[in-house]
Every structure is written in C-alpha cells, then in structure tokens.
1. Suppose only helical runs count, i.e. DSSP H with n ≥ 4. What mean residue ellipticity at 222 nm does that imply for the protein assembly as shown under -39500 (n - 2.57) per run, divided by all residues and rounded to the nearest 500 deg cm²/dmol?
2. What dipole magnitude, in Debye to the nearest 20, does chain A give about its Cα centre under +1 on Lys/Arg Cβ and -1 on Asp/Glu Cβ?
3. Looking at the stretch A:1-86, which GluC sites (Glu not before Pro) are DSSP coil and have at most 16 other C-beta atoms within 10 Å of their C-beta?
4. Straight distance only, please: which aspartates and glutamates reach the Cα of B:Lys199 with their own Cα at less than 16 Å, same-chain residues fewer than 8 apart left out?
5. Using a 10 Å cut-off on Cβ to Cβ distances, tally the other chain neighbours for every residue of B:28-41 and report the average as a whole number.
6. When we measure straight from the Cα of A:Lys30, which lysines land under 17 angstrom away, once same-chain ones fewer than 8 places off are left out?
7. Hey, got a sec? Which chymotrypsin sites (Phe, Trp or Tyr not before Pro) in the stretch B:104-195 land in a DSSP loop and have at most 14 other Cβ atoms within 10 Å?
8. What does the structure give for A:35-42 when I average, per residue, the other chain Cβ atoms found within 10 Å of the residue Cβ?
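Derivation of every value follows stated rules applied to the coordinates shown; laboratory data play no part. All of these numbers come straight from a predicted model, not from anything done at the bench. All Cβ positions, glycine included, derive from the backbone under ideal geometry; neighbour counts span all protein chains shown.
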Amino acid sequence: MNFKGTLPTLILQALTQEQSHGYLIAQQIKDRSKGVLDFKEGTLYPALHKLENEGLVESFEAVENGRVRRYYRITKAGRAALAKDRAEWRELSQAVTMILGKA
Amino acid sequence: MTSLETWLNQATRHLSIDSAAQVRSEIQEHYQSALEAASSSGASAKDADQTAIAALGDAKLANRQYRRVLLTSAEARLLRDGNREARFVCSRSYARPVYLAISLVALCAAIGTLHSGFLDVACAFLVVATGTGFMFAAPILPVYTPLCARVVRCFKWLVLLSAIGFVYGPNTLKWSWLLFSCLGPLGWAEWTRFSIRRKLPVSQWPRHLYL
C-alpha cells in the first residue's frame with residue numbers, strides 16, 4: 001500500500017529515535033508497518049532532499065564499516081512539523097473510522 | 001552497461017552535474033546496502049541485483065521527483081551565468097553613476113518631449129528611463145531578505161507591465177504576439193529563478209536570486 005503524501009511524515013518519524021541513513025530508513029518504515037506500507041526506495045531520496053531543503057532534516061557524512069555514508073537527523077523544526085502532522089493524522093483517521101465504523 | 005547504471009542514467013537525466021553526482025552516490029550506497037542484505041539472506045548475486053533494482057522502482061518517476069528538489073542543468077546554468085549584469089554594474093566603481101545618468105537623461109528627455117507635444121516619443125523615453133533605471137539600480141539596492149526581495153520583484157513586474165500598458169495603451173492586446181515573444185525569455189528566466197529559490201536554502205542564494 002502506498003498512501004500518497006505520507007512518506008515525509010514517515011521519514012521524520014523514523015528519524016525521531018536516532019540518526020539514520022537512507023537504506024535503514026526505508027527498512028524501518030517497511031518493518032514497522034509489517035510490509036503494508038511498501039514504497040519504491042528510489043522515491044525516498046527526493047523526499048529526503050525536500051525535507052532537507054525545508055530545514056526539517058539535516059545530513060552529514062559518517063564512516064560505517066569503512067564506507068562513507070550520508071546520515072540524516074531530524075531538526076527542531078522537523079520535530080515541530082512531525083507533531084503537527086501526527087495531530088492532523090489522528091484527527092483524520094478518527095474521522096474516517098467514525099464514518100467507516102458505522103457502515 | 002549494468003542494470004544499476006541504466007537506472008542511474010534515467011534517474012539523473014537533465015540534472016546538473018553536481019546533482020547527478022549526488023544522486024549517483026546516494027543510490028549506489030543504497031544499492032550496495034540492498035545487495036549486502038540480499039546476499040546475507042542467501043540470495044545469488046543475480047537475484048540480489050534484481051531485487052535491489054526492483055526495490056528502487058521506476059527510474060523515470062524518481063527522475064521527475066529529483067527534478068523537483070535538485071537543480072537541473074538549465075537551472076545550474078542560469079545560476080552560473082545569471083549574475084553577469086549584477087557583476088557588470090557592481091564591479092566598476094565609475095560605472096554606477098554613468099548607468100544611472102543614462103536613466104536620468106532618458107527621464108529628462110521624456111519630460112522634454114512631453115512638453116513639446118511628442119507623446120509617442122515621450123512614452124518611449126519613459127520606458128527606457130524606467131527599464132534602465134531599474135536594471136542598473138537593482139543590483140545596488142539593499143535587498144538582503146526574502147521578504148524584501150519579494151517586494152522588489154513585485155515592483156519590477158509592476159513597473160514592466162505598467163510601462164507596456166502605458167506605451168501600447170488600448171492596442172496592448174493587438175500587439176500581444178510581439179509582447180509574448182519579447183517577454184517569453186524574461187518570463188522563462190523568472191520561472192527558473194522561482195524554481196531555484198524553492199530548491200536552495202536562503203543561505204545559499206546568490207545575490208541575483210533576490211532580484
């Protein structure tokens with residue numbers, strides 16, 4: 001399932017616990033949704049660049065197992081944006097549940 | 001050519017050299033991690049490669065998304081060459097008063113010809129005065145914030161459109177084909193600058209992006 005427009009929020013959520021690189025972020029999202037949220041990994045990086053342009057995440061290079069990797073971490077503005085997105089999502093999902101629950 | 005190379009060639013089409021290098025580096029890194037994960041779960045090299053490429057998805061879709069967030073080759077060119085007029089005005093100390101004098105002379109000529117009753121000639125002089133005045137004054141205006149920059153840009157377009165309306169008057173629509181062809185390149189450059197502003201953080205904006 002690919003719920004359009006939620007990828008940036010899912011990325012921010014994946015980065016709340018710890019800084020991470022692209023591959024790990026993709027795997028975290030897939031694992032935590034038990035494979036339900038399946039997106040094409042090539043679209044992850046444009047979303048990460050967009051978040052970086054907006055100042056919601058920042059990137060830096062670090063060496064892991066002798067390989068230079070680009071890591072991403074959430075910024076203060078990113079945490080604020082995530083809190084807002086989370087509240088909006090809760091409101092939306094409650095509304096949809098109320099309607100679908102009655103059917 | 002490997003399947004990854006084919007994917008990368010499609011995904012980096014029309015991106016600037018720097019953007020393409022960035023995409024290549026991050027996707028190669030991602031692909032390598034996917035290969036390692038597949039190999040550690042016992043997949044053959046061929047299967048691991050196919051799984052990793054399939055997980056990346058459609059390269060054309062990725063390219064469309066990359067072009068929305070990273071600089072394209074056309075934008076990088078505009079960014080590199082777009083500063084020429086500002087440099088031309090600002091790098092010569094003697095030049096500024098000379099350029100501004102051109103505008104003042106044109107303004108005086110407009111007033112003079114208007115007094116003499118040559119309305120058409122006065123209009124032409126007025127357009128030259130406002131156009132050159134703005135073009136030469138803009139690079140030396142104290143515009144250092146995005147809000148200020150937005151006001152200056154709005155004023156620039158307002159002056160330009162008013163000048164056109166003033167010169168052509170009721171015949172503006174009749175001459176629209178000429179206006180569109182003359183203003184087309186200007187509009188395209190402005191649209192490209194708008195796109196660059198969305199992609200670059202304000203701290204990285206060169207001077208000409210403000211104007």
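1. Values: 14 runs with 219 residues, N = 314.
Only helices count here, giving -23000 deg cm²/dmol.
2. Working: 16 positive and 12 negative charges, 45 e Å.
My answer is approximately 220 debye.
3. Numbers: sites: A:Glu18, A:Glu41, A:Glu52, A:Glu54, A:Glu58, A:Glu61, A:Glu64; in loops: A:Glu18, A:Glu54.
Hits after loop and neighbour filter: A:Glu18, A:Glu54.
4. Those aspartates and glutamates meeting the cut-off are A:Glu52, A:Glu54, A:Glu58, B:Asp18, B:Glu75, B:Glu190.
5. Numbers: counts 0, 7, 11, 2, 3, 9, 4, 0, 2, 2, 0, 0, 0, 0.
For peptide B:28-41, the averaged partner shielding equals 3.
6. Correct list for A:Lys30: A:Lys4, A:Lys40.
7. Numbers: sites: B:Phe118, B:Phe125, B:Phe134, B:Phe136, B:Tyr144, B:Phe155, B:Trp157, B:Phe166, B:Tyr168, B:Trp175, B:Trp177, B:Phe180, B:Trp188, B:Trp191, B:Phe194; in loops: B:Phe118, B:Tyr144, B:Trp175.
Loop-located and lightly packed - B:Phe118, B:Tyr144, B:Trp175.
8. Details: counts 0, 0, 0, 1, 2, 9, 10, 17.
Average per residue, whole number: 5.
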